[in-house]
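The values are calculated or read from the model by the stated rules, or taken from the named source; none is laboratory data. Just so you know, these numbers come straight off a predicted model, no measurement behind them. Every residue, glycine as well, gets a Cβ built from its backbone with ideal geometry; the counts of neighbours run over all protein chains shown. Ligands, DNA and RNA are stripped out before the accessible areas are found, and what is left, the full protein with its side chains, is counted by its heavy atoms. Shrake-Rupley method; radii C 1.70, N 1.55, O 1.52, S 1.80 Å.
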Amino acid sequence: MAAEHIQTPKGTRDFFPADMRLQNHVFDGWRSVCRSFGYEEYEGPTFEHLELYVGKSGPEIVEQLYHFKDKGDRDLALRPELTPTLARMVNAKGPALRKPLKWFSIPRLYRYERAQRGRLREFFQLNMDIVGCDTVAAEADLIAAVIEMLRGFGLGSSDFAVRIASRALLSEFLDRLGVAADCKAGVYAALDKRAKIGEAEFRRLLDELGAGNVTPDLERFFQCRSLQDLTQVFPDPSAGEHAALQDLQNLFTLLAGLGLEDSLTIDTSVVRGLAYYTGIVFEVFDKGIGLRALAGGGRYDSLMASLGGAPVSAVGFGMGDVVLAELLKEKDLLPQGRSGVDYYLADLASGELPRAEMLALAQRLRGAGRSVAYSLKGGKFKKQMEEANDAGAKRVLFFGSDRAPAGSFEVKDLASGEQQVLEEALL
């Protein structure tokens, strides 16, 4: 195949400068809120030992990974998520890490699955995690950060909702219904994909797990949309059920104290498919457009221990760039055009090369913190003005203007059209 006909691999993207402007708009919004909430940034390797993901999710995960053998015959995989890496890093340092940790990362991730709207095989995802806090204050902090991010992008409570549930409460409910402990992971997985596979296939999966008889009771549980509804399903809760209900109540109290109740709802159908969740889980969905979840996560207090470390509590979530960008595009909330340079230097001498004196001015302006561009080929004034507009310049400085005395320069503000002569110190 000729090189000019080679396409991007399926499920991947090219990022031209215009695309990178939009991507950085998302990244900047993410980073700004993470830092304002006191989170520190971290990173890990792009590929890990395959056993890290198999140990966390089981051998079936291999089909969803880009995995390979290296030259040392080691089984490796491109990372499909960052939580196992986080767990490995926390386990490696152990007590040396002062807890609670508040960490975030924006990794590029890879999953071998069917590419479709809102889901690609290569994508970026914001991860925020708190390690070492066993109260719902951690969940409240993360959910508040999610809401703050979405508001920062111009979205409001009429555009999205945070749906909150409790894996711990569901687990206790399954115990009440007599579902065997070794069946729960399969039940969680079936419940998580119920909306995608349809009712008949969902019931078939429950039958295979030996839990088909609990469907009517599960329906009653999943119809709960408030804390009051849950108290009717659990009028006389066991100790575990009471603790899970109390966690939900405490979480909503904390979030109400932050003034965020308009963006929240109880939704017991939120399960999260991964088996390692142990407590409150949540997902963020748009209202009305019907995209995939904007974000999702929850408490995973057993993961570090399952990967060989000491038991430590943890809560986290992921927010993908693909679905978020889709929603911002639908809402016309993506930035238009370039942010642009502060100054474009137009050389009125119109030579083939920029003059040395102008290059020296550019360096002085950059040293003062200004961004500067100019034509690398010189050329006619009209052509240079076209370049200035293409560069999104805020101002054009006419270098060599006979209307500016020595030490001063004629400058035009491209937004207002105002033109004035300024001393270099005022640029």
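Given the structure, is L86 among the hydrophobic types (A, V, I, L, M, F, W, C), open to solvent by less than 80 Å² (accessible area, probe 1.4 Å) and in contact with a His (Cβ under 7 Å, 6 or more places away or on another chain)? Spelling it out, it is not the case that L86 is among the hydrophobic types (A, V, I, L, M, F, W, C), open to solvent by less than 80 Å² (accessible area, probe 1.4 Å) and in contact with a His (Cβ under 7 Å, 6 or more places away or on another chain). Here L327 qualifies as in contact (Cβ under 8 Å) with a residue 12 or more places away in the chain, in a helix (DSSP H, G or I), of a type outside the set (S, T, Y) and surrounded by 13 or more Cβ atoms within 10 Å (Cβ to Cβ).
Beta carbons closer than 8 Å, at least 6 apart along the sequence or on distinct chains, pair a first residue in region 157-179 that is more than 20 Å from Q223 (Cβ to Cβ) with a second that is outside any helix (DSSP H, G or I) and open to solvent by less than 30 Å² (accessible area, probe 1.4 Å) for D159/D286; F160/V284; F160/D286; F160/L294. Show me the helices (runs of 4 or more DSSP H) found entirely inside region 180-261 where at least 3 residues are touching a Gly at 6+ places or on another chain (Cβ under 8 Å) and in contact (Cβ under 8 Å) with a residue 60 or more places away in the chain. Fully inside region 180-261 and qualifying: 184-192. The residues in region 371-398 that are modelled with pLDDT under 95, more than 19 Å from S339 (Cα to Cα) and hydrophobic (A, V, I, L, M, F, W, C) can be counted, and the count is 2.
Which ones in region 169-197 are open to solvent by 30 Å² or more (accessible area, probe 1.4 Å), out of contact with any Pro (no Cβ under 9 Å at 6 or more places or on another chain) and under 18 Å from T268 (Cα atoms)? Within region 169-197, D175, R176, L177, A185, A189, D192, K193, R194, A195, K196 meet the criteria. The set of residues in region 281-302 that are open to solvent by less than 40 Å² (accessible area, probe 1.4 Å) and either small (G, A, S) or touching a Pro at 6+ places or on another chain (Cβ under 8 Å) (or both) comprises A293, A295, G296, G297, G298. When E60 is tested against the conditions (1) at pLDDT below 95; (2) under 23 Å from E139 (Cα atoms), the lone failure is (2). Within region 333-356, being modelled with pLDDT under 95, among the charged types (D, E, K, R) and outside any strand (DSSP E or B) holds for R338, E352, R355.
Restricting attention to region 288-313 and to residues that are closer than 30 Å to R117 by Cβ, of a type outside the set (A, V, I, L, M) and part of a loop (DSSP other than H, G, I, E, B), the residue that is modelled with the highest pLDDT turns out to be Y300.
When region 19-56 is filtered for residues that are assigned to a helix (DSSP H, G or I), closer than 24 Å to V323 by Cα and either open to solvent by 70 Å² or more (accessible area, probe 1.4 Å) or of a type in the set (S, T, N, Q) (or both), the ones remaining, listed by number, are R21, Q23, N24, D28, S32, R35, S36.
If you go through region 43-61 and keep only what is within 17 Å of L307 (Cα to Cα) and β-branched (V, I, T), you end up with V54, I61.
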